[in-house]
Amino acid sequence: SQQGEEDPQALSIQEGENATMNCSYKTSINNLQWYRQNSGRGLVHLILIRSNEREKHSGRLRVTLDTSKKSSSLLITASRAADTASYFCATDPPTLRHGSSNTGKLIFGQGTTLQVKP
Amino acid sequence: DTAVSQTPKYLVTQMGNDKSIKCEQNLGHDTMYWYKQDSKKFLKIMFSYNNKELIINETVPNRFSPKSPDKAHLNLHINSLELGDSAVYFCASSQVPEGNQPQHFGDGTRLSIL
């Protein structure tokens, strides 16, 4: 079954407003990553937060992680039209290994489609 | 310079045909991946190779066969294409096969089966 689920599925805001997207997951994790996907393009890595971290910032992005609730949120402040994209969380469950090494397998949610109106 | 490049960008073909998608990364990464994204944007891992060794093989039909001639290339060959294979296929790479590494994605190959 799918590991991550984003909420809301779609979000439409005005330029300058803040956008908050949430991600819930089902099993324990080592790390959680957020990616952006522009229409017709591949995913672009935004930020990674480790399971022992609670909050992380990168420019206008703020990510929180609550492992007790198995959830994460991505906040984009002062949004711009160029932020229009789909946003995905991806989790790294600790149990997936191949021999003596990890596999790098990420499990993605279905994404939140963000539209920022100019 | 494109870091992860896939060809072709679009692939339209008949049911039953065999086709290949190529992927190359110039980042010097050891690990490469193939993902399938369906019409609802759900992205699922198919295969992963680390230094030419297969390390992830999800429940994917045998009609899908990845090949890694060297660690900079990971190609995907699909036999006897079916309607359900229509999707966007993404290649990605990471420095090592660890979940704390960001993955770098190509722009996808849009496969349409007629």
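Would you confirm whether or not the stretch A:18-26 contains a residue that is facing chain B (nearest Cβ under 10 Å), of a type in the set (S, T, Y) and surrounded by 14 or more Cβ atoms within 10 Å (Cβ to Cβ)?
no
Is one or more of the residues making up the stretch A:109-117 free of Cβ contacts under 8 Å to residues at least 12 places away in the same chain, surrounded by fewer than 20 Cβ atoms within 10 Å (Cβ to Cβ) and either within 15 Å of the chain's Cα centre (by Cα) or part of a strand (DSSP E or B) (or both)?
The answer is no; no qualifying residue exists.
May I ask you to list the residues in the stretch B:68-97 that are among the charged types (D, E, K, R) and within 26 Å of A:P93 (Cα to Cα)?
B:K71
Mind telling me which of the residues B:K9, B:K52, B:K22 ends up being closer than 27 Å to A:Y87 by Cβ and either charged (D, E, K, R) or in contact with a Leu (Cβ under 8 Å, 6 or more places away or on another chain) (or both)?
Unique residue meeting the criteria: B:K9.
With the condition being at pLDDT below 95, within 14 Å of chain A (Cβ to nearest Cβ) and under 11 Å from the mean Cα position of the chain (by Cα), I'd like the strands (runs of 3 or more DSSP E) fully within the stretch B:4-114 carrying at least 2 qualifying residues. Even if it seems obvious, please write down each step before you answer.
On the way: elements: B:4-7, B:10-13, B:19-25, B:31-37, B:43-50, B:53-57, B:64-70, B:73-78, B:87-94, B:109-113.
Where strands (runs of 3 or more DSSP E) fall fully within the stretch B:4-114 and carry at least 2 residues being at pLDDT below 95, within 14 Å of chain A (Cβ to nearest Cβ) and under 11 Å from the mean Cα position of the chain (by Cα), they are B:43-50.
Quick check on the stretch A:61-73. Is at least one of its residues in contact with a strand residue (DSSP E or B) (Cβ under 9 Å, 6 or more places away or on another chain), part of a strand (DSSP E or B), charged (D, E, K, R) and within 13 Å of chain B (Cβ to nearest Cβ)?
No, the stretch A:61-73 has no match at all.
The values are calculated or read from the model by the stated rules, or taken from the named source; none is laboratory data. Because the structure is a prediction, the values reported are computed rather than measured. Cβ coordinates were reconstructed from backbone atoms using ideal geometry, including for glycine residues, and neighbour counts include every protein chain displayed.
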